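Below is one structure; the comments refer to it alone.
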Amino acid sequence: MTMPVSLPIHVDAELLALAEQAAEWRHLTLEAFVNAVIRRAAEADLRLAAKIHEAEESLDRGEFHTQEEVEAWFAQQIGQAAAE
């Protein structure tokens with residue numbers, strides 16, 4: 001397990017209030033809530049980066065997708081993101 005580090009950030013009062021309300025609703029400390037949000041966002045970004053890398057490699061190999069296939073993939077990604 002890695003040692004925790006401090007991550008000083010500056011947020012405006014409105015964002016802080018929203019985060020505090022969300023943390024309270026989830027029965028989490030603000031720290032636990034922020035950690036969970038950062039983890040979810042980072043994991044989602046890394047999944048997207050992996051998909052983009054996979055697509056770039058596919059293009060390099062001369063493999064292409066139809067417009068319909070691309071639109072269906074984006075719709076699926078948006079649905080997954082909305083569910084999170």
In nm, to one decimal, how far is the modelled label at ARG61 from the one at LEU7, with both set 7 Å along Cα→Cβ? 3.4 nm
Projecting the Cα atoms of THR29, ALA50, PHE64 onto the charge dipole of region 24-84, where Lys and Arg contribute +1 and Asp and Glu -1 at Cβ, the residue farthest towards the positive end is THR29
Under the 0.36 nm per residue contour assumption, what length would be gained going from the current alpha-carbon distance of ALA82 and ALA22 to full extension? 19.9 nm
Could you pull out the chymotrypsin sites (Phe, Trp or Tyr not before Pro) across region 25-69 that fall in loop regions by DSSP (anything but H, G, I, E, B) with no more than 14 other Cβ atoms inside 10 Å? PHE64
CD proxy, 222 nm, the chain: helix-only mean residue ellipticity via -39,500 (n - 2.57) per DSSP H run with n ≥ 4, per residue, nearest 500, stands at -25000 deg cm²/dmol
Rounded to the nearest 10 degrees, the helix 13-25 long axis (Cα) sits at an angle to the longest Cα principal axis of the chain of 90 degrees
Which label marks the calculated value of semi-axes √(5λ) of the Cα gyration tensor in Å, given the options [x] 20, 18, 11; [y] 35, 17, 11; [z] 34, 14, 9? [y]
Given +1 on the Cβ of Lys and Arg, -1 on the Cβ of Asp and Glu, and no further charges, what dipole in debye does the chain carry about its Cα centre, rounded to the nearest 20? 360 debye
With a 10 Å cut-off between alpha carbons and a GNM built on the chain, which of ASP60, ASP45, ASP12 moves the most? ASP12
Given axes a ≥ b ≥ c from the Cα gyration tensor, I'd like to know whether region 37-77 is rounded (a/c under 1.5), prolate (a/b larger than b/c) or oblate. oblate
Please compute the length gained on full extension between ALA42 and LEU30, using 0.36 nm multiplied by the number of residues separating them and subtracting their Cα-Cα distance. 2.5 nm
Quick one: angle between helix 30-60 and the longest Cα principal axis of the chain, in degrees between 0 and 90, rounded to 10, please. 10 degrees
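Every number in this text was worked out from the coordinates using simple rules, so none of it is lab data. If you're wondering where the values come from, they're calculated on a predicted model, not measured in any experiment. Cβ: placed from backbone, ideal geometry, glycine included. Neighbour counts: every protein chain shown.
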